[in-house]
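A short worksheet on the structure shown next.
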Amino acid sequence: MNHRVSTILLPSPYRIRKMGTSGLRETQEVFQQPMFLDQFTQGVADFFNRMTTERTVAENNRTILLGGDPRRGNNRRIRRITEILCGNGFSVVIAQDGLATTPAMSHAIRHLSVAGGIILTASHNPFTDVGIKVNIADGSPALDDDVTRIQDLQNSVRSINVMDFDEAEANNLIERIDIVRMYADLLNRIFDFSTMKEKLRAAGLKAVLNPMHGAGGPFAREIFVNRLNMDCTIIKEEPRDDLGGYDADGHPLHPEPDFRYIPDLIALNDTGQYAIVAAWDSDVDRRLDGGSGFFLESADEFALFAANSRILRLEGQFPETLSFCRSTVTADTISPMRDDLVKLFPGKNVEIIETPTGFKWIAELGNWGVEESNGVGNPFLREKDGIFATVFLLRLMLDTGKTPRQLMEEIWQRYGRVYFTRGEVSGGLDEEKSMLVEILNKASEYQGRRFGELVLEKALSWDYIHPRSGVITERNAAWVLNFSGGNTVKARFSGTGSGGYTLRVYLSCYDRDYRMAKSLKLQPMKAAISKLLEEAGFPGSCGNYTDEGQPDPYA
Ligand code: VG1
Ligand code: CO
């Protein structure tokens with residue numbers, strides 16, 4: 001076949017940044033620069049080109065899957081990326097008019113056995129940002145070595161190979177798939193929708209779901225309404241290119257399932273009329289769910305799922321080694337469960353692993369995983385998965401007749417509870433950021449000092465020692481401040497922003513008693529952080545704690 005490919009010279013190449021916690025995120029303006037997307041994509045095509053000529057990574061070794069959230073410009077970008085991939089000898093599978101969730105993409109990459117996927121999403125960032133994630137043949141996000149390789153290739157691009165879209169179409173290089181159906185079929189195989197549907201009919205539970213105008217709407221409708229026939233109200237269902245637009249102060253809305261951004265869902269949950277409530281971010285790899293007035297933190301939900309993981313079907317696919325992973329800054333709800341997990345899976349190896357933030361670190365290791373920002377992953381694909389989590393919660397409720405709160409309290413009664421919140425210190429000045437780095441690097445100098453009610457016992461930095469190779473693969477993935485009374489503060493810089501700095505601060509403390517007011521429990525740590533920053537001469541403060549908007553049944 002002789003397809004027409006033109007080669008366009010890149011007159012002034014850009015310096016493209018390395019992908020961060022999850023893909024590259026830049027403002028719309030950056031992506032609108034002439035040929036910026038072209039250079040980005042040519043580099044990715046070069047990466048897949050090398051990868052697939054070095055070895056066969058998939059049955060459809062020269063095919064790439066494309067899809068993403070409904071963010072402004074993504075349709076156009078999918079068209080252009082298709083032209084460049086086809087210009088480089090690949091064929092392309094496009095998910096559902098370009099609309100797909102990150103977990104559905106991860107599943108489809110594996111299911112279709114293609115060489116990888118390009119996911120157009122800046123996830124929780126507002127529509128004023130653009131993001132692109134690159135996933136490899138096993139469905140997981142590209143890991144650090146690959147990310148470095150991609151960036152090197154991108155920054156060496158001097159010309160772009162392009163095939164006109166219509167030409168690619170005429171040459172049958174483009175296929176379109178019903179990714180909603182493909183993903184719903186997967187969940188059906190895992191959870192058994194027909195049994196769930198029957199139990200739902202008997203129980204008559206109601207739900208409110210909130211896809212935040214991202215990619216989740218069609219998936220939620222197909223699964224909860226069409227397949228499970230559930231009595232559902234779906235708010236913010238329609239995928240919108242502005243992901244809901246602006247708030248009352250003129251700031252673009254964050255499509256992020258975080259207590260700060262879902263006051264409407266919190267209010268509906270407070271009515272007590274809904275057995276299940278859930279919000280997911282624009283690419284549906286994160287969730288915040290619960291029901292009957294209660295919400296579950298991701299680490300708590302992770303513990304609940306781990307304890308009940310045997311009810312999932314396809315158990316034969318569980319590997320010999322079951323890895324329960326959490327990013328190190330996530331509440332440690334899983335360690336107290338170790339002995340029970342070992343008993344739950346006789347004959348298998350059970351390991352509990354701490355990773356850096358970014359689900360790529362977890363996806364690489366295999367199966368169960370959780371992140372601090374409301375992401376829970378499962379053994380069936382290689383990403384966090386918001387809808388999977390909500391369906392799992394629903395399934396547990398149907399099996400037991402219990403509310404989310406009752407389910408969670410059973411776990412806390414057995415293992416104790418980790419009280420947890422996240423906050424941030426953010427700003428635009430490089431000097432401020434450097435100052436924060438210096439304060440945290442030298443925090444051990446404050447050891448033994450009292451900050452409000454707490455004494456700083458130890459300050460250290462956490463390096464990721466890879467559990468397979470034993471090599472330190474990520475140095476200083478978090479700063480750790482151990483205060484008296486088991487109060488632990490961890491901090492790291494965000495890697496998903498498109499400008500300025502955000503230091504993320506994670507607070508946790510364990511207690512056997514789960515019925516304490518969370519804000520009171522966490523207050524001494526918040527005060528200690530403020531005092532420490534103040535004494536170190538830092539001009540800003542830590543705020544925006546997620547528990548501030550969180551309903552607390554024990555308050
Ligand atoms: C944030 C979250 C992190 C998550 C990442 C990507 O990263 O804190 O837990 O993995 O977003 O999630 P950062 O570096 O800004 O803290 V998503 O839903 O944007 O793919
Ligand atoms: Co996301």
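Think of a 1.4 Å ball rolled over the protein heavy atoms: the chain then has 38 Å² of accessible area per residue. Percent of accessible area on the stretch 1-65 owned by carbon and sulfur, 1.4 Å probe? Taking all protein chains in place, the stretch 1-65 shows 49 percent carbon and sulfur surface. A DSSP coil position with no more than 15 other Cβ atoms inside 10 Å describes the following GluC sites (Glu not before Pro) in the stretch 48-132: Glu59.
Direction-averaged projected area, Cα convex hull, the chain: 25.1 nm², rounded to one decimal.
Pairs from the list Lys360/Lys458; Lys384/Lys518; Lys133/Lys384 with a Cα-Cα gap above 18 Å: Lys360/Lys458; Lys384/Lys518.
The length gained by stretching the chain between Asp399 and Ile235 to full extension, at 0.36 nm per residue less their Cα-Cα distance, is 56.4 nm. If each Cα of the stretch 246-293 is one equal point scatterer, what is log10 of I(q)/I(0) from the Debye formula at q = 0.17, 0.20, 0.23 Å⁻¹? Once normalised to I(0) and log-transformed, intensities are -0.52, -0.67, -0.82. Of the trypsin sites (Lys or Arg not before Pro) found in the stretch 1-69, the ones in coil according to DSSP and having at most 12 other Cβ atoms within 10 Å of their Cβ are Arg4, Arg15, Arg55. For the stretch 1-160, the spread of Cα coordinates along the three principal axes comes to 38, 34, 30 Å, biggest extent given first.
With the simple model of a label 7 Å out from the Cα in the direction of the Cβ, Arg450 to Ser541 spans 2.2 nm.
Ellipsoid fit via the Cα gyration tensor, the stretch 100-166: semi-axes of 20, 17, 16 Å, each the root of five times an eigenvalue, largest first. Thr53 sits with roughly 100 Å² accessible to a 1.4 Å probe, with DNA, RNA and ligands left out of the calculation. For Asp144, project a label point 7 Å along Cα to C-beta. Then give me every residue of the stretch 482-516 with its amide nitrogen under 18 Å of that point. Backbone N within reach: 491-496.
For the stretch 459-527, trypsin sites (Lys or Arg not before Pro) are listed when DSSP marks them as loop and at most 10 other Cβ atoms sit within 10 Å of their Cβ; the list is Arg468, Arg512, Arg515.
For the listed residue pairs Lys199/Lys348; Lys197/Lys348; Lys18/Lys433, the alpha carbons are over 21 angstrom apart in Lys199/Lys348; Lys197/Lys348.
Of the solvent-accessible surface of the stretch 426-555, computed with a 1.4 Å probe and all protein chains present, 47% belongs to carbon and sulfur. Using a Debye calculation, one point per C-alpha and no hydration shell, please list log10 I(q)/I(0) for the stretch 447-524 at q = 0.18, 0.25 Å⁻¹ in order. For the stretch 447-524, the Cα-only Debye profile gives -0.91, -1.14.
The values are calculated or read from the model by the stated rules, or taken from the named source; none is laboratory data. Computed from a prediction, not measured in an experiment: that's the story for all the values here. Using ideal geometry, Cβ is built from the backbone for each residue, glycine included, and neighbour counts are taken over all protein chains shown. Just so you know, the surface numbers come from the protein's heavy atoms only, side chains and all, with ligands and any DNA or RNA stripped out. Shrake-Rupley method; radii C 1.70, N 1.55, O 1.52, S 1.80 Å.
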